[in-house]
Structures are given as structure tokens and as C-alpha cells.
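Chemist: First the structure, then my questions, so here it is.
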Amino acid sequence: MGVLFDNLDVFWAGLRTTAALTGLSFMLALLIGVVLAACRVSPVRPLRAAAMFYVETLRNMPLTVHMLLAFFGWPKLGFRYSPFVTAVIVLAYYTGAFVGETIRAGINTVGRGQVEAARSIGLGFGKQLRLVVLPQAVRSVVAPLGSLLSALVRNSAVAYTIAVLDIMGRSDRLITTTAKPLEVLIGAALTYYVLTIPIAFGINAVDRRQRIIR
């Protein structure tokens, strides 16, 4: 395990990049997911159809394909971003499809009577969602959203295929220089645990608190 202890700085640098990649893409995915969920329950049929097309198209193509298509395809269309920015965008719009369905499931748990009450006092569809439905919906899906965040940490490893120096990207380089893949990959696995285990405990704590409040 000498390789692991001799290269703690390398794993630490990869962890910081993975954390930044995950945090930025998840914040964007939440925004995308809220918009998608709103469109999926909208009374406007074209919005529902467009959101459903987005969700089904994104979810049924492997993330690796999305990542490579963006990295090699976007420059041909005139869009040039760094590997890190490209990875953030791809992870965000891919994860956003799953977030949208999760929030939509939460919306479906909100009592019909509350929606009718909001409508009876003159609130339009947008205000019904913003003031009544979404706050309750998000609280009801804290655990599933936490699972998506944890999955996003793992999915972010795909970014190394476009030369992002995250945990896997730096591990790949370390394997090349040390010729000790087993030790390096064990170090990479432990580094991912440093991120995912606190997330799991944090989400469980938040979920328990929300259950008490409800």
C-alpha cells in the first residue's frame, strides 16, 4: 500500500475535482429537474410532451455516450468548452432527467385537496407549484434525491474519459507511472468512499428530520 500513502496528495487533488464536479452538476440538475417536473404536470400538452421526450431520450442512452458525443461533437458545432465544463454540463442535463422524474413523483404525493384549496384562493398554476406543491414534494423525496447525489458521485468517474483529472483521471495517470493498478484502484475506491459515505449519513439525517416535521 506504499503507492497509496506516497500519493495521498494526488488522491486529494482528484477528490477536490470530483467534489466540485459533483456539486456544480447537481445544483444545475436540480434546476433542470424542477423545470422538467413542472412541465410534466403542466396543463399545457406540448410542454408535457417535450418534457417526456427529454426524459426518455436522456435516460435511455448511456452516460458515456453522452459524454463522448459532447466532447467530440460540440466543437464541430462551434461550442468549445474545457473538459471540466463539458463534464459539468453533461452530468447536469443527464442527471436532471432523473431528478425531474423524482420530483414529479413527489408532486404526485401532495394531497389533491391542497391543490384545490390553492386554486380556490385564486393562485395560478405557477404559484400553486411554487408556494404549495413543490415545497412539499421536495421534502417527500429527500432520500431519493440523496440517492441520485450519491449516484452522481460515482457517475462523475465517466468524466475521466474526456481527460478530466478527477479521482479516476488522476488514478489512471498514476497507474501509468507506477505500474501498480491494484493498489491505485484501491486508493481510488477509498477516496470515493470519503465522498459517498458522508453524503449517505447526511441524507439519512435530513430525511429523518423531515419525517419528524411531517
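The values are calculated or read from the model by the stated rules, or taken from the named source; none is laboratory data. All of these numbers come straight from a predicted model, not from anything done at the bench. Positions of Cβ are backbone-derived with ideal geometry, glycine not excepted, and every protein chain shown enters the neighbour counts.
Chemist: For the range 42-92, give me each residue that is under 30 Å from Lys127 (Cβ atoms) and either aromatic (Phe, Trp, Tyr) or touching a Pro at 6+ places or on another chain (Cβ under 8 Å) (or both).
Modeler: Phe53, Tyr54
Chemist: Would you be able to say whether some residue in the range 43-52 is closer than 29 Å to Ile103 by Cα, in contact (Cβ under 8 Å) with a residue 12 or more places away in the chain and surrounded by 18 or more Cβ atoms within 10 Å (Cβ to Cβ)?
Modeler: Among the residues of the range 43-52, at least one is closer than 29 Å to Ile103 by Cα, in contact (Cβ under 8 Å) with a residue 12 or more places away in the chain and surrounded by 18 or more Cβ atoms within 10 Å (Cβ to Cβ), which makes the answer yes.
Chemist: Out of all the residues in the range 163-185, which are of a type in the set (A, V, I, L, M, F, W, C), buried (at least 19 other Cβ atoms within 10 Å of the Cβ) and either at positive phi or in a helix (DSSP H, G or I) (or both)?
Modeler: Ile167, Met168, Leu174, Val184
Chemist: Only one residue in Thr86, Thr22 is hydroxyl-bearing (Ser, Thr, Tyr), out of contact with any Gly (no Cβ under 9 Å at 6 or more places or on another chain) and within 21 Å of Thr196 (Cβ to Cβ). Which one?
Modeler: Only one candidate passes the filter, namely Thr22.
Chemist: Which ones in the range 149-166 are under 16 Å from Pro198 (Cβ atoms) and touching a Phe, Trp or Tyr at 6+ places or on another chain (Cβ under 6 Å)?
Modeler: Of everything in the range 149-166, those that are under 16 Å from Pro198 (Cβ atoms) and touching a Phe, Trp or Tyr at 6+ places or on another chain (Cβ under 6 Å) turn out to be Leu149, Leu152.
Chemist: Would you point out the residue of the range 136-162, among those that are touching an Asp or Glu at 6+ places or on another chain (Cβ under 7 Å) and buried (at least 22 other Cβ atoms within 10 Å of the Cβ), that is nearest to Asn204 (Cα to Cα)?
Modeler: Checked the range 136-162; the qualifying residue nearest to Asn204 (Cα to Cα) is Ser156.
Each row is one residue, and each column tells you yes or no for (1) buried (at least 20 other Cβ atoms within 10 Å of the Cβ); (2) in contact (Cβ under 8 Å) with a residue 40 or more places away in the chain; (3) of a type in the set (A, V, I, L, M).
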position	(1), (2), (3)
Val3	no, yes, yes
Leu8	no, no, yes
Arg16	no, no, no
Ala19	no, yes, yes
Gly23	no, no, no
Phe26	yes, yes, no
Ala29	yes, yes, yes
Ala37	yes, yes, yes
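Chemist: Would a scan of the range 127-139 turn up a residue that is within 17 Å of the chain's Cα centre (by Cα) and either closer than 20 Å to Val34 by Cβ or modelled with pLDDT under 90 (or both)?
Modeler: yes
Chemist: Specify the residue that is nearest to Leu36 (Cα to Cα); the eligible residues are those in the range 54-88 that are among the aliphatic types (A, V, I, L, M) and surrounded by 18 or more Cβ atoms within 10 Å (Cβ to Cβ).
Modeler: Looking at the filtered set, the residue picked out is Val55.
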